[in-house]
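Enquirer: Below: one structure in structure tokens.
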Amino acid sequence: MKQARIEDMLPLSPLQQGMLFHSVYDPDATDIYTVQVTVALAGPVDAARMERAAGALLRRHHNLRAGFWHEGVPQPVQFVPAEVRIPVEWADLTDSPVPAAEALRGLERAELARRFELHRPPLVRLVLGRLGADDHRLVITVHHILVDGWSMPLLVGDLLSLYESDGDPAALKPVHPYRDYLKWLKRQDTVAAETAWQVALAGLEGASLVAPADPARRAVRTGAHTAELSREATARLTATARRLGTTPSTLVQCAWGLVLGGLTGRQDVVFGLTVSGRPDELPGVESMLGLFITTVPVRLGVRPAESVEQLLGRFRDEQNSLLAHHHLGLRQIQKQAGGGELFDTLVVIENYPVDPDSLPELTGGLRVTDIEARDATHYPLTLAVSLEERALLSLEYRPDLFDARQAGLVSARLTRVLEQIATSPDTAVGALELLAPAELERVRSSWSGSVRDLPKGTVADRFTEQAARTPQAVAVVADEVSLTFADLVERAGRLAGLLARRGVGPGSVVALAVPRSADSVVAILAVLKAGGAYLPLDLDYPADRLAYMLEDAAPVCVLTTSRAVGLLPESGPDRIVLDAPVTVAELIAVPAGFTGPSVRAEHPSYVIYTSGSTGRPKGVVLTHGGLSNLYANHMSEVFGPVVAACGGRTLRALHTASFSFDTSWEQLFWLISGHELHVLDEVGRRDAEFVVSYVREHQVDAMDVTPTYARQLLDWGLLDTAHHRPVLLLLGGEAVPDSLWSQVRAADGVMSVNLYGPTEYTVDALAADLSGSTDPVVGRPIGNTRAYVLDFALRPVPAGTTGELYLSGHGIARGYWGGEH
């Protein structure tokens, strides 16, 4: 084979370097940097003449003959052979077994799929397809590394002019070579540009990504969702831009930044923008063919109180200050922000449409009737905007990351934001609706749990009712102590009567400093029966913290035991030592059958102290109504189905949670509903091996543990099929790892529910049955609960987007102790 003479050697522009990397990174993947234009030709076409025109086109624009080499050289180069032949392939689609239009689509797809070997020019292909006697399509496929969108109408125009002149370039004006641009690029002040980008990207916290970063992700052809604004809407957009001293392009970019903020849950976002890259001061740049475009990051910081007009003005000024520095390559720009990816969405403002009417007139009965262009990017989402008489918004999406429905939702959000910007620029940015009305309604409809009426009374009343139904059934087992429901209701009733004598009633607090035992359960039920709220004291806490809690909550008294009283601060409220002879005698003297006062749903039921956002403990006050609501929910959605699956028999539940944590109620509810509660002591509850052996020995059916503890229990064989295992495993208190979710979910015959709730909501606000999802989820609202996921401006975020969780409903805390109760 005769080796072609090399006419020129050129460096690569920054974007060419990036495209070369993506094209050679995975030689077996689809090369998405292949662009295509299909020209519809009506009339007779001479294929040989078209081939001569193509050859003349490559001689006119030297860089169209370029190939690219990167092996064994310090920097990649593009080499330009003196002569390159470009054949025009012929395809008679009239012989196809499918309709000609369908055959044409197949031809176009096949041409896009054919990879160019970048070291083997030309990186241009022409196929002339015949659909009928005087109906042809010229399919021009070019690697993007040679040309940009601006160049395509120039390329088509020159090709047709050369077809008209049969390859004679004399009729065309001379063009400046692409190397002029590369020389201009080399003369630019790189240091000044780097400094400008450092300032522009200072303080940026991470990349703005709509899909997880994956360097191994292969290129795919994108799908597209297209929306067209009406003439009236486009005119409003243009008029608003003009009135505010900016451009419609700036409005679109700002709108996309706001939508991107909604997608990512961020106030400070970055997206890519494809800019023309054609410097005004470069002679003849408007008629050059080549890759001039470059991608630059665009940063939008959102201030909710700022008006749209103020945001647009600030955004315009920030972007204008960077115009002179767009020449810096994206990789170099990324280094100024610390390196790494900054964005994965791209905006392309298309101001270079291929208009058939702008092309040269042809003789011999041949005319251009239509032109279609196709290209793609590697980004998950790319917004291509054509700002003509009717603005066209084309959202291209990777089908492996987004589907058509999701792309349609994003497109609808963008249209919605553009409408608001155009009509109400004085609106505060935080007041803009980012979701389209239909999507907003769907999101809101998912916020609510079921609505149910609650029976009157408290969970203490439910316990009394249950004890009347099954008085002789075992209620609590702790160490060597076993109490029936009759025993428990009598002891709790006498203690409630004693507390009432000491002034305990609705709105008052009783501190509990009782080691884990049956007495712990008696004390909790007694306080609730007396109408008060209990304050659990963890005896492992430092003395100064216990003293603070007692001073802050100001309980009427402290229930304790002779073993625990010495761990309490010396001063403080009265102590009732349950096993002291004087207390025992006083309890015996209290009449049986204490009924207790009338308690309203809003009265406090317990006070839980958290560390507080400042490190100072704060007491969260939860209500009787909140407990009643959670109990009703669990009876309906959790306990009821499990009991039914077990044939209605009495189940055994294991209490391992600290009584100072509200999750202890998950296990206490089994007692309230008539089942047998086993309370492990402080040492036993922390020993995973012991817990598993206890479950097997005592045939325990239900447990509630944190995911971390569940992992330990499973490692000790909790769910082994060779032994007895629980039929219900509740998880809560922290996120469930993927591996644990999958393992528990796969356990046949074991129901498991993931529960979530902050201390400020009565134990649980959200619940998810593990069988309903292969991946960990936090769950949906329980009954009489609403869960809102909102952004920084308290607007609903779309499904799948990070936001802050807000809760309302029956379980909401009444307030914090210390003046708000």
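Enquirer: Could you list, in sequence order, all residues of the range 597-625 that are among the small types (Gly, Ala, Ser), surrounded by 12 or more Cβ atoms within 10 Å (Cβ to Cβ) and under 22 Å from residue 554 (Cβ atoms)?
Expert: Of everything in the range 597-625, those that are among the small types (Gly, Ala, Ser), surrounded by 12 or more Cβ atoms within 10 Å (Cβ to Cβ) and under 22 Å from residue 554 (Cβ atoms) turn out to be 605, 612, 619.
Enquirer: How about the range 269-309: which of its residues are in contact with a Ser or Thr (Cβ under 8 Å, 6 or more places away or on another chain), assigned to a strand (DSSP E or B) and not hydroxyl-bearing (Ser, Thr, Tyr)?
Expert: 269, 270, 271, 272, 273, 275
Enquirer: State whether the residues of the range 686-701 include one that is surrounded by 15 or more Cβ atoms within 10 Å (Cβ to Cβ), within 30 Å of residue 604 (Cα to Cα) and modelled with pLDDT of 95 or more.
Expert: no
Enquirer: Test residue 143 against the stated conditions and say whether it is in contact (Cβ under 8 Å) with a residue 12 or more places away in the chain and surrounded by fewer than 20 Cβ atoms within 10 Å (Cβ to Cβ).
Expert: no
To keep it simple, each residue is scored yes or no on (1) within 30 Å of residue 324 (Cβ to Cβ); (2) part of a helix (DSSP H, G or I).
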position: 158; (1), (2): no, yes
position: 173; (1), (2): yes, no
position: 181; (1), (2): yes, yes
position: 185; (1), (2): yes, yes
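Enquirer: Moving on. Please determine whether any residue of the range 734-748 is touching a Gly at 6+ places or on another chain (Cβ under 9 Å) and buried (at least 19 other Cβ atoms within 10 Å of the Cβ).
Expert: no
Enquirer: So residue 421 passes all but one of these: (1) surrounded by fewer than 21 Cβ atoms within 10 Å (Cβ to Cβ); (2) within 30 Å of residue 311 (Cα to Cα). Which condition number does it fail?
Expert: (1)
Enquirer: Sticking with this one: Can you tell me which residue is surrounded by the most Cβ atoms within 10 Å (Cβ to Cβ) among those in the range 749-768 that are out of contact with any Gly (no Cβ under 9 Å at 6 or more places or on another chain) and among the small types (Gly, Ala, Ser)?
Expert: The residue in question is 752.
Enquirer: Turning to a different aspect of this structure: Scan the range 769-781 residue by residue and report those that are open to solvent by 50 Å² or more (accessible area, probe 1.4 Å) and in a loop (DSSP other than H, G, I, E, B).
Expert: 774, 775, 777, 778 - these are the residues of the range 769-781 that are open to solvent by 50 Å² or more (accessible area, probe 1.4 Å) and in a loop (DSSP other than H, G, I, E, B).
Enquirer: Which residue out of 275, 220, 269, 285 is β-branched (Val, Ile, Thr) and either closer than 22 Å to residue 428 by Cβ or crowded, with 21+ Cβ neighbours inside 10 Å (or both)?
Expert: 269
Enquirer: Mind listing just one residue for me: the one in the range 431-474 that is of a type in the set (Ser, Thr, Tyr) and either without any contact (Cβ under 8 Å) to a residue 40 or more places away in the chain or outside any helix (DSSP H, G or I) (or both) and, of those, nearest to residue 493 (Cα to Cα)?
Expert: 458
Enquirer: Output the residue which, of all residues in the range 734-767 that are part of a loop (DSSP other than H, G, I, E, B) and within 22 Å of the chain's Cα centre (by Cα), is farthest from residue 607 (Cα to Cα).
Expert: 737
Enquirer: Exactly one condition in (1) over 30 Å from residue 182 (Cα atoms); (2) open to solvent by 50 Å² or more (accessible area, probe 1.4 Å) is not met by residue 107; state its number.
Expert: Tallying (1) over 30 Å from residue 182 (Cα atoms); (2) open to solvent by 50 Å² or more (accessible area, probe 1.4 Å), residue 107 fails exactly one: (2).
Enquirer: Looking at (1) open to solvent by 10 Å² or more (accessible area, probe 1.4 Å); (2) in contact (Cβ under 8 Å) with a residue 40 or more places away in the chain; (3) farther than 21 Å from residue 464 by Cβ, can you tell me which one residue 673 breaks?
Expert: Checking residue 673 against (1) open to solvent by 10 Å² or more (accessible area, probe 1.4 Å); (2) in contact (Cβ under 8 Å) with a residue 40 or more places away in the chain; (3) farther than 21 Å from residue 464 by Cβ, the one that fails is (3).
Enquirer: Only residues that are out of contact with any strand residue (DSSP E or B) (no Cβ under 7 Å at 6 or more places or on another chain) and surrounded by 15 or more Cβ atoms within 10 Å (Cβ to Cβ): list them for the range 204-217, please.
Expert: If the condition is that a residue be out of contact with any strand residue (DSSP E or B) (no Cβ under 7 Å at 6 or more places or on another chain) and surrounded by 15 or more Cβ atoms within 10 Å (Cβ to Cβ), then 209, 211, 217 are the ones that fit.
Enquirer: Now for a different question. Return yes or no: is residue 803 on the phi > 0 side of the Ramachandran plot, surrounded by fewer than 23 Cβ atoms within 10 Å (Cβ to Cβ) and in contact (Cβ under 8 Å) with a residue 24 or more places away in the chain?
Expert: No, not satisfied.
Enquirer: Just to be sure before I move on: is residue 519 in a helix (DSSP H, G or I), in contact with a Leu (Cβ under 8 Å, 6 or more places away or on another chain) and charged (D, E, K, R) in the structure I sent?
Expert: Taking the combined requirement at face value, the residue satisfies it.
Enquirer: Let me ask another. On the basis of being touching an Asp or Glu at 6+ places or on another chain (Cβ under 6 Å), more than 30 Å from residue 755 (Cα to Cα), open to solvent by 30 Å² or more (accessible area, probe 1.4 Å) and of a type outside the set (D, E, K, R), does residue 562 make the cut?
Expert: yes
Enquirer: Also: Can you find a residue in the range 19-33 that is within 30 Å of residue 332 (Cβ to Cβ), aromatic (Phe, Trp, Tyr) and open to solvent by 50 Å² or more (accessible area, probe 1.4 Å)?
Expert: Within the range 19-33, one or more residues are within 30 Å of residue 332 (Cβ to Cβ), aromatic (Phe, Trp, Tyr) and open to solvent by 50 Å² or more (accessible area, probe 1.4 Å).
Enquirer: Across the range 565-596, what is the total count of residues that are exposed (fewer than 13 other Cβ atoms within 10 Å of the Cβ) and assigned to a helix (DSSP H, G or I)?
Expert: 7
Enquirer: Can you name every residue in the range 254-272 that is of a type outside the set (Gly, Ala, Ser) and over 15 Å from residue 201 (Cβ atoms)?
Expert: 254, 256, 258, 259, 260, 263, 264, 267
Enquirer: To continue, here is another question. Check 457, 497, 507, 503 and return the single one that is touching a Pro at 6+ places or on another chain (Cβ under 7 Å) and open to solvent by 10 Å² or more (accessible area, probe 1.4 Å).
Expert: Result: 507 is the single residue among 457, 497, 507, 503 that is touching a Pro at 6+ places or on another chain (Cβ under 7 Å) and open to solvent by 10 Å² or more (accessible area, probe 1.4 Å).
Enquirer: Right, something else. For residue 198, all conditions in the list (1) more than 18 Å from residue 290 (Cα to Cα); (2) open to solvent by less than 70 Å² (accessible area, probe 1.4 Å) hold save one; what is the number of the exception?
Expert: With respect to (1) more than 18 Å from residue 290 (Cα to Cα); (2) open to solvent by less than 70 Å² (accessible area, probe 1.4 Å), residue 198 is out only on (2).
Enquirer: Which members of the range 335-369 meet the condition of being open to solvent by less than 60 Å² (accessible area, probe 1.4 Å), polar (S, T, N, Q) and either at pLDDT below 85 or closer than 14 Å to residue 273 by Cα (or both)?
Expert: Correct list: 345 only.
Enquirer: Sort out which residues of the range 117-143 are within 20 Å of residue 79 (Cβ to Cβ) and touching a Ser or Thr at 6+ places or on another chain (Cβ under 7 Å), and write them in order of number.
Expert: 118, 125, 143
Enquirer: Could I ask something else about it? Would you call residue 716 without any contact (Cβ under 8 Å) to a residue 40 or more places away in the chain, surrounded by fewer than 22 Cβ atoms within 10 Å (Cβ to Cβ) and of a type in the set (Phe, Trp, Tyr)?
Expert: So residue 716 passes the test.
Enquirer: Where the second residue is in a loop (DSSP other than H, G, I, E, B) and the first is exposed (fewer than 13 other Cβ atoms within 10 Å of the Cβ) and lies in the range 72-89, which pairs have Cβ atoms under 7 Å and are six or more apart or on separate chains?
Expert: 75/11; 82/4; 82/5; 83/4
Enquirer: Return the total of residues in the range 22-49 being aromatic (Phe, Trp, Tyr) and touching a helix residue (DSSP H, G or I) at 6+ places or on another chain (Cβ under 9 Å).
Expert: 1
The values are calculated or read from the model by the stated rules, or taken from the named source; none is laboratory data. As the structure is a computational prediction, the values presented were derived from the model and not from experiment. Cβ coordinates were reconstructed from backbone atoms using ideal geometry, including for glycine residues, and neighbour counts include every protein chain displayed. Just so you know, the surface numbers come from the protein's heavy atoms only, side chains and all, with ligands and any DNA or RNA stripped out. Shrake-Rupley method; radii C 1.70, N 1.55, O 1.52, S 1.80 Å.
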